[in-house]
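The values are calculated or read from the model by the stated rules, or taken from the named source; none is laboratory data. What you see is a predicted model, and the numbers here were worked out from it, not measured in a lab. Cβ: placed from backbone, ideal geometry, glycine included. Neighbour counts: every protein chain shown. Quick note on the areas: whole protein, heavy atoms, side chains included, nothing else; ligands and nucleic acids left out. Shrake-Rupley method; radii C 1.70, N 1.55, O 1.52, S 1.80 Å.
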Amino acid sequence: MAEYDPDNIFGKVIKGDIPSHKVFEDDDTLAFMDIMPMSRGHVLVIPKTGSRNLLDAAPQVLANLIQKTQRVARAAMAAMEADGVRIMQFNEAAAGQTVFHLHFHILPMYEGVALKSHTGEMADADELAAHAEKIRAEL
Ligand code: 5GP
């Protein structure tokens, strides 16, 4: 497996070089809206420590990240009035990974509504900001 590259997109989001609609932040973790959401309220949760994906992450990083993911998933489901929530995570390009910094996808799910395609359409920035605000209010 290739080495972690700190110049990846999410590395730049952590440094603040790329703007994001933040939902949650603490010393180790950042959660923000996916710019090409597969469902309304699609959030990404990432550790601030660099690892390419789940395969090279330290166990304590994973343990912390899944706890933060649970917390944000509960808030996203409540804020978006979703009927369920899917947690998704890809490792390496063959598995669908496109950004090589570990992340969990939080996908609020709605009865009878199919997911949009992965890395499909860019969402409206105002809509992402509104969703981020709603989810933050539930945390
Ligand atoms: P992956 O395919 O690696 O599991 O997921 C990467 C996710 O990052 C995709 O869902 C994609 O829409 C999202 N993404 C790509 N570039 C950016 C960006 O610059 N900002 C944000 N917020 N999301 C991004």
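Evaluated against (1) open to solvent by 30 Å² or more (accessible area, probe 1.4 Å); (2) more than 14 Å from the chain's Cα centre (by Cα); (3) closer than 26 Å to His131 by Cβ, Arg40 falls short on exactly one condition, (2).
Of the residues examined, Val99 is one that is within 9 Å of the ligand (Cβ to nearest atom) and surrounded by 15 or more Cβ atoms within 10 Å (Cβ to Cβ). Residues that are touching a Leu at 6+ places or on another chain (Cβ under 9 Å) and assigned to a loop (DSSP other than H, G, I, E, B) were ranked within segment 5-24; the one that is least open to solvent (accessible area, probe 1.4 Å) is Ser20.
Ala132 falls short on exactly one of the conditions (1) more than 23 Å from Asp7 (Cβ to Cβ); (2) among the small types (Gly, Ala, Ser); (3) out of contact with any strand residue (DSSP E or B) (no Cβ under 8 Å at 6 or more places or on another chain), and that condition is (3). Within segment 66-96, the set of residues being more than 10 Å from the ligand (Cβ to nearest atom), within 11 Å of the chain's Cα centre (by Cα) and farther than 19 Å from Lys134 by Cα comprises just one member, Ile87.
Scanning segment 109-137 for residues that are within 16 Å of Ala73 (Cβ to Cβ), within 14 Å of the ligand (Cβ to nearest atom) and within 15 Å of the chain's Cα centre (by Cα) gives His131, Ala132, Ile135. For segment 62-82, check the following and say yes or no: at least one residue is at positive phi and either open to solvent by less than 50 Å² (accessible area, probe 1.4 Å) or out of contact with any Asp or Glu (no Cβ under 9 Å at 6 or more places or on another chain) (or both). Among the residues of segment 62-82, at least one is at positive phi and either open to solvent by less than 50 Å² (accessible area, probe 1.4 Å) or out of contact with any Asp or Glu (no Cβ under 9 Å at 6 or more places or on another chain) (or both), which makes the answer yes. Scanning segment 46-53 turns up no residue that is crowded, with 17+ Cβ neighbours inside 10 Å, within 11 Å of the chain's Cα centre (by Cα), of a type in the set (A, V, I, L, M) and closer than 17 Å to Ala130 by Cβ. The set of residues in segment 25-34 being within 17 Å of Thr98 (Cα to Cα) and outside any loop (DSSP other than H, G, I, E, B) consists of Phe32, Met33.
Residue-level check: of (1) more than 26 Å from Leu115 (Cβ to Cβ); (2) without any contact (Cβ under 8 Å) to a residue 60 or more places away in the chain, Ser20 misses just (1).
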